[in-house]
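Shown next, in structure tokens, is the structure this report addresses.
Here, each number is a calculation from the coordinates, and none is a lab measurement. All values derive from a computational prediction rather than experimental measurement. Note that we place each Cβ from the backbone using ideal geometry, even for glycine, and neighbour counts take in every protein chain shown.
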Amino acid sequence: MRAAGARFEERAGAALQRAGLKLLARNYTTRHGELDLVMLDGDTVVFVEVRHRLRATHGSAAASVTASKREKLIRTAELWLAAHARYAKCNCRFDVVTYDGPEEQAEMHWIGNAFETD
């Protein structure tokens, strides 16, 4: 399962780079959580959560980004910004890239500015 997640993160990162974003970090991990991809879109830092669901029995990949998951992402993003002062004053956003279905058939859906911080 972990290997499949890494492949989806790779696919998403490559697609976002083709769309013009620049990769800053991959799999940034703290005790609060992990950021799958940290990218730069112009002067905006983009924290990207990549989700895959093989089956919709427990909801879609997009629905798996719960309030608890969003809180972890926000906290981890704050720590990333604190550790990377160069980007601390940049605009930021949270994007979600989802894949639903079997790996070889799953299409990418990019949800830009998927949620706001409070």
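So who's got an amide H within less than 5 Å of the one on ALA114, skipping anything under 5 residues away but keeping other chains? H placed 1.01 Å off N, in plane.
PHE94, ASP95, VAL96
Considering the zone a paramagnetic label at HIS109 would reach in this model (a point 7 Å from Cα along the Cα-to-Cβ line), which residues of region 38-80 have amide N under 17 Å from it?
Counting only backbone N, you get 49-67.
According to a simple spin-label model (label point 7 Å from Cα along Cα-to-Cβ), what is the distance in nm between ARG26 and SER64?
Simple spin-label model gives 1.9 nm for this pair.
In percent, how large is the relative contact order of the chain, given Cα pairs closer than 8 Å and 6 or more residues apart?
24
May I ask you to list the lysines whose Cα is less than 20 Å away from that of LYS89, ignoring any residue fewer than eight positions away on the same chain?
LYS22
For GLU71 paired with ARG7, estimate the spin-label separation in nm (one decimal), with each label point 7 Å from Cα along the Cα-to-Cβ line.
3.4
Among DSSP bridges having both ends in the chain, what percentage is antiparallel? Round to the nearest 5.
60
Against the longest principal axis of the chain, how steep is helix 2-18, in degrees 0 to 90 to the nearest 10, with axes from Cα atoms?
The angle comes out at about 60 degrees.
Please list, in order along region 38-55, the HN-Hα scalar couplings obtained from phi with the Karplus expression 6.51 cos²θ - 1.76 cosθ + 1.60 (θ = phi - 60°), rounded to whole Hz, x for Gly and Pro.
10, 10, 10, 10, x, 10, 10, 7, 10, 9, 10, 9, 10, 10, 10, 10, 5, 10
Residue-wise, which Karplus ³J(HN,Hα) couplings in Hz belong to region 76-82, taking 6.51 cos²θ - 1.76 cosθ + 1.60, θ = phi - 60°, and x for glycine or proline?
For region 76-82, the Karplus curve yields 5, 5, 4, 5, 4, 5, 5 Hz.
Treat the count of other C-beta atoms within 10 Å as a stand-in for reagent exposure and order SER60, SER68 from fewest to most.
Lowest to highest Cβ neighbour count: SER68, SER60.
Would you list which aspartates and glutamates come within 20 Å of LYS69, measuring only between C-alpha atoms, while excluding same-chain residues fewer than 8 positions from it?
Those aspartates and glutamates meeting the cut-off are GLU9, GLU34, ASP36, GLU49, GLU78, ASP95, ASP100, GLU116, ASP118.
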